[in-house]
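We did not get these values from a lab; they are worked out from the coordinates using the rules stated. The structure displayed is predicted, hence computed values, not measured ones. Here Cβ is always computed from backbone atoms with ideal geometry, including for glycine, and neighbour counts include all displayed protein chains.
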Amino acid sequence: MSRSGSESRWPAVTRTSTSRSPWTSTGRWCSNTWKQAEQDWRAALQVASRTEAAGLGVPVSPERLSVTELIEAARAGTEALMLISLELMRSFAVPHWVRCCGTAGGAVVIDDPSVDPARGESWVDGHLLPVRGEEFDRMAAYGPEGYRGAVLLRSRAETTS
């Protein structure tokens, strides 16, 4: 989709800002306010992404993709971008996207672009990594509700049949 220079990448909703400041009137940091501001920002991005996807005719499903469904999709030739936490792999909880490109038994095979050259890693260390299904399920779930971010990469022919 082409865009003119005057068009914005995101709908106006992403420009909404919270009137809350993470600083209290006494100059102390208030982490709860900051967390709420971040949640508000992420919610606005979610709305904007769904709006843009709908405008482009991209199907969006609010249902949680299970690891079993992910493995079945991969076996059928569908790749996926999955949002994971790096906590189990790198010991810090940071959201991170990986490409799920296949299966090996009950494992999900991923390509992970995150490598640490300071630890002697190169792109080879993140290429075609098998992750057991149970471990991947934990890596790709956020919060007590187990929220999951997934983008299935199907050809146009697959989505219209």
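A few points about this structure:
- Full extension of the chain segment joining Ala104 with Glu72 gains 10.3 nm, where the gain is 0.36 nm per residue of separation less the Cα-Cα distance.
- Additional length obtainable on full extension of the chain from Glu79 to Trp97, 0.36 nm per residue less Cα span: 5.2 nm
- Cα-based shape type of the range 30-85, given that a ≥ b ≥ c are square roots of the gyration tensor eigenvalues and the cut on a/c is 1.5: oblate
- Entry for the range 67-160 at q = 0.16 Å⁻¹: log10 I(q)/I(0) = -0.65, Debye formula applied to identical alpha-carbon scatterers, no solvent contribution.
- Estimated distance in nm for a label pair at Arg138 and Gln46, the labels positioned 7 Å out from Cα along Cα-to-Cβ: 2.5
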